[in-house]
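To keep things clear, I will list the structure first and then write my remarks on it.
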Amino acid sequence: MTRRRRKEGLAALAQQIRAWLQGVGRRQKRLPDPLALAASAAAMPSRSASAPLSATVDRQRDTRIAERSRALAIRLFGANQPVENPRDLFGRARELDLLCTSVIDSGMHAVIFGPRGSGKTSLVRVFGDLADQRGATVLYQSCAGGSGFGDLVLPYLDDLDASTFGMTEDDFADAVAALRDLPTPRAFASLLVRASRDDLILILDEFDRLDAETKAQLALLVKLLSDMRARARIVCVGISSDVAELIDVHASVRRHLVPVGLSPLDDGEVESFIDTTSRAIGLTVLSPALSLLRWLVCGSPYHMRLFSLHTCLHAIEHDRRYADEHAVLSGSSRALAIWRGTNARDHALFETLVTRSDFSARAIEEVARLAATKLEFTINDVNEVLRIIDAEEVAAEALVSALTPALARLQDNEMCLVFEDVLAPQFLLAMSAAARLTSQHDTLAPEGTMQ
């Protein structure tokens, strides 16, 4: 091959290669950039995957929020256990201050009394913690029915040692053995008076369950400790409307004993607690619902916490940030179901009474409120509330009879009436109010009108 032909052949080959490369370039321009394609795909909404994924994430988030709100509501309202933190002892600041001033500062003994659910145990536990912080030795004992004096006082010694009384181990063991053989108020006081290092506070809860003889011995113990100027104090706690019913105190003891009666919380304290606590868990109790709750609980700390808790739980479970009257009625119904498990007899009796037409709802509710605010009352009290609401056509005796056996007469005073279950009146009130209000649709805003 000549040099000229070879040169022409190479030029042709180069031209073919350029043409091929130009074709590849054109094809590359028509292909999308992979990074641009990915960004475009991320920006475009997906009908098949993105929407369900987003909805799932939202549901999981809402479930977590609801679970946290539910746990917080149960902790803050805490209806089933006594409170132990002073800031949770709502509406009892005056009584707590009286206890601290009288028992810790002045060396007096105390009797805490009031109806069940009024916060007696919560008060004494908070007081005990404060006394402990101030250096006192605080021992708590719950009384059992039929307990004698020795059964009550000897368990305290299990939590004390010889150093408490400035004694040797052998001397302390001998003193305890002698006391076990003959547990008298004087023998126990003679040991307690030797406690000179720290103040000693002995708390006796459910004092009302003791018999008259044991109460008399404890009253004598209080007198002896006071006469001996001992650093040991007795704090008795029990259900009663009057301190004299709880303990028959000798005149010489009264100046050493401070009575601390727990009356119902006032309306403002109840509304403040419900409003503040519900807002802490992210809910608002609407004004009509707040008024209904306040009316139902009748100043009882127990019912205030119980009804409010289940009202808020109803709102949380229905994904609402507010609680209306429907939430209150639903919440009180849930509380009633819990109570029915502990007192089926009275629940069935109340259900029959509410569904009968023999008595007006207002008559039933006013008598229930009377019983809720007075531990004991008389037939004259029933007549008076019926007269005030112009329901004199309702025979008080007939209504009292219809409430029997839930409502009984005291054995030692036939004139006095008392509910055997002192928590029952608010549940009767809630049952009657629910039946009345649900039949009056115009008094309640329809559910779902506010979100």
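The values are calculated or read from the model by the stated rules, or taken from the named source; none is laboratory data. Given the structure is predicted, the values throughout are model-derived calculations rather than measurements. In this analysis, Cβ positions are derived from the backbone assuming ideal geometry, glycine residues included, and neighbour counts consider all displayed protein chains. Quick note on the areas: whole protein, heavy atoms, side chains included, nothing else; ligands and nucleic acids left out. Shrake-Rupley method; radii C 1.70, N 1.55, O 1.52, S 1.80 Å.
Listed values, structure above:
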quantity: Some residue of segment 371-388 being modelled with pLDDT of 90 or more, crowded, with 16+ Cβ neighbours inside 10 Å and in contact with a Ser or Thr (Cβ under 7 Å, 6 or more places away or on another chain); calculated: yes
quantity: The listed residue being outside any helix (DSSP H, G or I), over 30 Å from Arg279 (Cα atoms) and touching a Phe, Trp or Tyr at 6+ places or on another chain (Cβ under 9 Å), out of Val422, Val418; calculated: Val418
quantity: One residue from Thr121, Thr101 being among the polar types (S, T, N, Q), open to solvent by 10 Å² or more (accessible area, probe 1.4 Å), in a helix (DSSP H, G or I) and touching a strand residue (DSSP E or B) at 6+ places or on another chain (Cβ under 7 Å); calculated: Thr121
quantity: Residue satisfying all of: in segment 104-118; more than 27 Å from the chain's Cα centre (by Cα) and over 15 Å from Leu200 (Cβ atoms); most open to solvent (accessible area, probe 1.4 Å) among these; calculated: Asp105
quantity: Residue match in segment 334-351 (condition: out of contact with any Asp or Glu (no Cβ under 8 Å at 6 or more places or on another chain), free of Cβ contacts under 8 Å to residues at least 40 places away in the same chain and under 19 Å from Arg68 (Cα atoms)); calculated: no
quantity: Members of segment 268-288 that are of a type in the set (Asp, Glu) and at pLDDT below 95; calculated: Glu269
quantity: From the options Ala402, Ala395, Ala408, residue that is modelled with pLDDT under 85, of a type in the set (A, V, I, L, M, F, W, C) and either within 21 Å of Trp339 (Cβ to Cβ) or more than 30 Å from the chain's Cα centre (by Cα) (or both); calculated: Ala395
quantity: Residue tally, condition in a loop (DSSP other than H, G, I, E, B) and closer than 20 Å to Phe149 by Cα, over segment 159-184; calculated: 5
quantity: Count of segment 363-393 residues which are touching a residue at least 40 places away in the same chain (Cβ under 8 Å), closer than 17 Å to Val297 by Cα and charged (D, E, K, R); calculated: 3
quantity: Restricting segment 70-95 to residues that are more than 26 Å from Trp339 (Cα to Cα) and open to solvent by 20 Å² or more (accessible area, probe 1.4 Å), the residue that is modelled with the highest pLDDT; calculated: Arg94
quantity: From the options Ser142, Ser163, Ser196, residue that is surrounded by fewer than 17 Cβ atoms within 10 Å (Cβ to Cβ), under 40 Å from the mean Cα position of the chain (by Cα), at pLDDT below 90 and over 24 Å from Lys215 (Cα atoms); calculated: Ser196
quantity: Of all residues making up segment 104-118, the number that are assigned to a loop (DSSP other than H, G, I, E, B) and in contact (Cβ under 8 Å) with a residue 40 or more places away in the chain; calculated: 6
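Residue by residue, here is whether (1) open to solvent by less than 40 Å² (accessible area, probe 1.4 Å); (2) touching a His at 6+ places or on another chain (Cβ under 8 Å); (3) modelled with pLDDT of 90 or more; (4) closer than 23 Å to Asp132 by Cβ holds:
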| site | (1), (2), (3), (4) |
| --- | --- |
| Ala173 | no, no, yes, no |
| Leu179 | yes, no, yes, no |
| Leu182 | no, no, yes, no |
| Ile201 | yes, no, yes, yes |
| Leu210 | yes, no, no, no |
| Leu246 | yes, no, no, no |
| Ala251 | no, no, no, no |
